[in-house]
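Here the structure comes first, spelled out in structure tokens, and everything after it is commentary.
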Amino acid sequence: MRIYGIGAILCCVLEIAMLFVNCSISEAALFNKSKTGPAILLADVGCYGYNKLQDGFLETFWEVMAEKVQSDKDFNCNLVTPGAEDAKAFKVAHIDAIVRGPLYERENVASEVVRYGDEVFGREYFWNEKKLAIRKEKRGRPYFLGEDQIITLRELAKKYDAEYFLFCNLRNVDTKLKKSIFNVDTNYEERAKEIRVETEYYLIDAKEGRVYEGQNITGKTSQILNIVIGEYGKGASVQQLMQVMFEEQSKRIVEDIKKKGLKTLRNEEISSED
């Protein structure tokens, strides 16, 4: 009995030691040091627009976006599932980036974002057309997070060994059947569908808290339908249509980050071809 007890204790000690090793690996060695690309962490994919997106669609966008970032040869990216405390911190940083950006539109965001923006700037600020016009003129130029959020992301950058954080806000998705005389005798599921997806994304320098804000609106029905029909046929469902749209969105976001986002944050010249 004594030998069994000692063995059990040793096993417990070994298991605890392995837990500490695994924790250190999951947090401190997330990125492949043999790769030369920037260490980018996909920190938060949310829906902070006026209309709340169904969780299933949001999860699909997260998965598509994560796969695209992680598989890109120019990025040194890994994916983590942060604990509740870190996830909350990432969400606040994401909202902070939204309200401080030139693209922020108070009337088109969720109530929690409205409240946050009003606390930061004061509600009167968003009724001042002159100030809003000046803000919009800064589109394409980097800006800074709030001081508290800069400090928070610096700590998270150390924890997750990241150089940049990427946040994606699926602000609006609108789908409907396309109204056309050519659809009159067509089966419901085969009717051409109109779809519009608006995404804003924020690439943040983890050390300085500088933000590159981008926007991608995908709504070219004919182009997207050709892709959908080629892959799924005329009877494509809304879910399949959304899958294609998300893939197109993620592709454009990654390309913009590579051509403009990283260069903007590094103060590098952007060529006219970009």
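Taking the Cβ-Cβ separation of residue 55 and residue 240 as r and a Förster radius of 22 Å, what is the calculated FRET efficiency to the nearest 0.05? Here the calculated transfer efficiency is 0.75. Within the accessible area of the stretch 60-116, the carbon and sulfur atoms contribute 47%, probe 1.4 Å, all protein chains present. What FRET efficiency would be calculated for the residue pair residue 132, residue 267, taking the C-beta separation as r and a Förster radius of 41 Å, to the nearest 0.05? Approximately 0.95, to the nearest 0.05.
Using the structure shown, list the pairs from 88/159; 131/207; 73/259; 68/260 with a Cα-Cα distance above 21 Å, or answer none. Pairs exceeding the cut-off: 131/207.
Accessible surface for the stretch 98-159, divided over its residues, is 66 Å² per residue with a 1.4 Å probe. Computed about the Cα centre, the dipole magnitude for the stretch 89-131 is approximately 100 debye when only Lys and Arg (+1) and Asp and Glu (-1) carry charge, each at its Cβ. Residue separation of residue 208 and residue 151 scaled by 0.36 nm, minus their Cα-Cα distance, works out to 19.6 nm of gained length. Taking a ≥ b ≥ c as the square roots of the eigenvalues of the Cα gyration tensor, the stretch 91-155 is classed as oblate, since a/c reaches at least 1.5 and a/b does not exceed b/c. Our analysis of the stretch 48-115 gives Rg over Rh at 1.01, with the two radii drawn from alpha carbon positions and Rh computed by the Kirkwood formula. For the pair residue 217 and residue 161, a Förster radius of 45 Å applied to the C-beta separation gives a FRET efficiency near 0.85, rounded to the nearest 0.05. For the pair residue 174 and residue 71 in one chain, pulling the backbone fully straight at 0.36 nm per residue adds 34.2 nm over the alpha carbon distance.
The values are calculated or read from the model by the stated rules, or taken from the named source; none is laboratory data. Note that the coordinates shown come from a computational prediction; the quantities given were computed from them, not determined experimentally. All Cβ positions, glycine included, derive from the backbone under ideal geometry; neighbour counts span all protein chains shown. For accessibility, only protein heavy atoms count, side chains too; no ligands or nucleic acids. Shrake-Rupley method; radii C 1.70, N 1.55, O 1.52, S 1.80 Å.
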